[in-house]
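Visitor: Could you have a look at this structure, given as structure tokens, before my questions?
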Amino acid sequence: MKKSLIALAFGTLGLGIAEFAMMGILGSVAENLQISISAAGHLISAYALGVCVGAPVLLLVRKYPLKKILLLLVTIILVGNLCAAAASNYWMLLLARFLSGFPHGAYFGVASIVAQRLADKGKGSQAVSVMIAGMTIATVFGVPLGTALSNTISWRLTFLLVACWSLLTFYCIWRWIPQMDSLPDSSFKGQFKFLKSPAPWLIIGGTLLGNGGVYCWYSYINPLLTNISGFSTDSLTWLMVIAGFGMVIGNLLGGRLADRFRAGLVAAIVQSCMVFTLLLIFFFSPVPWLSVVLMVIGTAGLFGVGSPLQYLIIRFSKGGEMLGAASIQIAFNIGNAVAAYCGGLILQAGFDFRYPALVGIPFAVLGSILLFILHKKYER
């Protein structure tokens, strides 16, 4: 495996810890800052808002060499997490979380382009999957480590861990990634021309709806495992590690299949499989071992479409590749937010924790339909 791709994966690993670890340390943060859990939940939303705002701002540095942009984004990750670790009150932490999320979508966008340039011929999607692998590995090792640091010492060390990792990432990118020319400048207005074609909208819509459908279930995975499947709260950490392994496998397998077959077809088939997986989760989650198996399949599918879609959006966003590649992360985060809200509505109506999976099925169906249309009308 090329060291240059590993350097890119180091960046997504740090971003993965910064994004997901907040869920595991929410209680500690709320207690330390003397705020409610619901108010602490806004710290997750602030990060997602930073992702959505930061990606379009990337256009301001579109003329810079790609390596220079990556180093700038890693520096913002470092500063954002240092500010989070040092935050003395809720509002400072809220602002720091927004700043931490600011480079997230932009980093994925630029790193996807760099990964494809570094890839061997015919292995572009696999290269992107290696870059994304850092995010999945974060769920296996980084997030549990951050949660353990929070529980034993302080939640601030979780953000300090990300800051330290950002320093290592900066060095590896500077040392291992060769100099690359900037993308051809098609003017600020020209960056948006690709959106006139239906193909990018099908990819963005497939990401938002398809992954959103899975997140209707995954947003409430912990209470589902404890209240429906019968697992103890003490076992949740290891169950989340198992779920993380599903993400790792799904991501790498999705990248390999997308290079061997057509990326759009692979993504469409994976999304359609998620429809049946969500249905099986609804019926069989009371069976503990089946619940775990289905959880792994679900998380594998969630990240199995990542590299194929990231690869495709660059192909269909000529002239605006950075914005196109970053838009996948915007769609992913918006889809997650909408999914969590929709899943919560049925729980508020008095239904049990199996029902968010049922709510996610129409989203997953629509997402797979959009991707099949993309494959049939544009990819072929």
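The values are calculated or read from the model by the stated rules, or taken from the named source; none is laboratory data. Computed from a prediction, not measured in an experiment: that's the story for all the values here. Every residue, glycine among them, receives a Cβ derived from its backbone with ideal geometry; neighbour counts consider all protein chains shown. We work out accessible area using only protein heavy atoms, side chains counted, and drop any ligands, DNA or RNA first. Shrake-Rupley method; radii C 1.70, N 1.55, O 1.52, S 1.80 Å.
Visitor: Can you list, bin by bin at 10 Å, the percent of alpha carbon pairs in the stretch 263-308, starting at 0?
Guide: 29, 49, 19, 3
Visitor: Name the residue, out of Val287, Val143, Val114, whose mean-square fluctuation peaks in a Gaussian network model built on the chain with Cα pairs under 10 Å.
Guide: Fluctuation is largest for Val287.
Visitor: Mind checking the stretch 103-179 for trypsin sites (Lys or Arg not before Pro) that DSSP puts in a loop (not H, G, I, E or B) and that have at most 14 other Cβ atoms within 10 Å?
Guide: Qualifying residues, ordered by number: Lys121.
Visitor: How large is the direction-averaged shadow of the alpha-carbon convex hull of the stretch 142-182, in nm²?
Guide: On the way: hull surface 14.7 nm².
Reported value for the Cα convex hull: 3.7 nm².
Visitor: I'd like the accessible area for Thr299, computed on protein heavy atoms only with a 1.4 Å probe and all protein chains in place. Round to 10 Å², please.
Guide: 0 Å²
Visitor: In Å², and per residue, what accessible area does the stretch 34-92 have when probed at 1.4 Å with the other protein chains present?
Guide: Numbers: 2670 Å² over 59 residues.
Accessible area per residue, the stretch 34-92: 45 Å².
Visitor: Compare Arg256, Arg97 by solvent-accessible area with a 1.4 Å probe and give them largest first, with all protein chains kept in place.
Guide: Arg256, Arg97
Visitor: Relative contact order of the stretch 58-183: what whole-number percent is it, with Cα pairs under 8 angstrom and at least 6 residues apart?
Guide: About 43 percent, as a whole number.
Visitor: Under 18 Å from a point 7 Å along the Cα-to-Cβ line of Arg175: which residues of the stretch 1-15 have their amide N that close?
Guide: Only 1-14 fall inside the zone, counting backbone N under 18 Å.
Visitor: Something else about it: Please report the relative contact order for the stretch 230-362, taking Cα pairs under 8 Å with a sequence separation of at least 6, and give it as a percent rounded to a whole number.
Guide: About 30 percent, as a whole number.
Visitor: So, taking all protein chains as they sit and a 1.4 Å probe, how much accessible area belongs to Cys273, in Å² rounded to tens?
Guide: Number for this one is 70 Å².
Visitor: Right, next: Taking only protein heavy atoms into account and a 1.4 Å probe, give the accessible area per residue of the stretch 263-315 in Å².
Guide: Values: 1740 Å² over 53 residues.
Using a 1.4 Å probe on heavy atoms only, each residue of the stretch 263-315 averages 33 Å².
Visitor: Roughly how many debye, to the nearest 20, is the charge dipole of the chain about its Cα centre, given +1 on each Lys and Arg Cβ, -1 on each Asp and Glu Cβ, and no other charges?
Guide: On the way: 24 positive and 10 negative charges, 291 e Å.
In total the dipole reaches around 1400 debye.
Visitor: Something else: Could you give the spread of the C-alpha atoms of the stretch 1-157 along their three principal axes, from largest to smallest, in whole angstroms?
Guide: 54, 33, 21
Visitor: Can you tell me the relative contact order of the chain? Whole percent, Cα pairs under 8 Å, sequence separation 6 or more.
Guide: Across the chain, relative contact order equals 26 percent.
Visitor: Over all distinct Cα pairs, what is the inverse of the mean 1/r for the stretch 245-348, reported as the Kirkwood hydrodynamic radius in Å?
Guide: Evaluated on the stretch 245-348, it is 14.9 Å.
Visitor: Then there's this: Gaussian network model of the chain, Cα springs within a sub-10 Å range: biggest mean-square fluctuation belongs to which of Tyr171, Tyr47, Tyr90?
Guide: Comparing Tyr171, Tyr47, Tyr90 in the GNM, the peak value goes to Tyr171.
Visitor: Taking the highest mean first, how do the peptides 366-372, 230-236, 205-211 order by number of other beta carbon atoms within 10 angstrom per residue?
Guide: The densest-packed peptide leads the list: 205-211, 366-372, 230-236.
Visitor: Turning to a different aspect of this structure: Roughly how many nanometres apart are two label points built 7 Å out from the Cα toward the Cβ at Asn227 and Lys189?
Guide: In this crude spin-label approximation the distance works out to 5.4 nm.
Visitor: For the stretch 1-127, what % of the accessible area comes from carbon and sulfur atoms, probe 1.4 Å? Working shown, then result.
Guide: Numbers: 3230 of 4850 Å².
Carbon and sulfur: 67 percent of the exposed surface of the stretch 1-127.
Visitor: How much accessible area per residue does the stretch 148-201 have, in Å², with a 1.4 Å probe?
Guide: 61 Å²
Visitor: To check my understanding: the extent here is largest minus smallest coordinate of the Cα atoms along each principal axis. What are those three numbers for the stretch 24-113, in Å, largest first?
Guide: 45, 20, 20
Visitor: Based on Cα positions only, what radius of gyration and what Dmax would you give for the stretch 129-285, in angstroms?
Guide: Taking only Cα atoms of the stretch 129-285, I get Rg and Dmax of 19.8, 57 Å.
Visitor: Contour minus end-to-end for Val57 and Ser154, with contour as 0.36 nm per residue of separation and end-to-end as the Cα-Cα distance?
Guide: 31.6 nm
Visitor: What's the carbon and sulfur percent of the stretch 197-296's accessible surface, probe 1.4 angstrom, rounded to a whole number?
Guide: On the way: 3130 of 4220 Å².
In the stretch 197-296, the share of accessible area belonging to carbon and sulfur is 74 percent.
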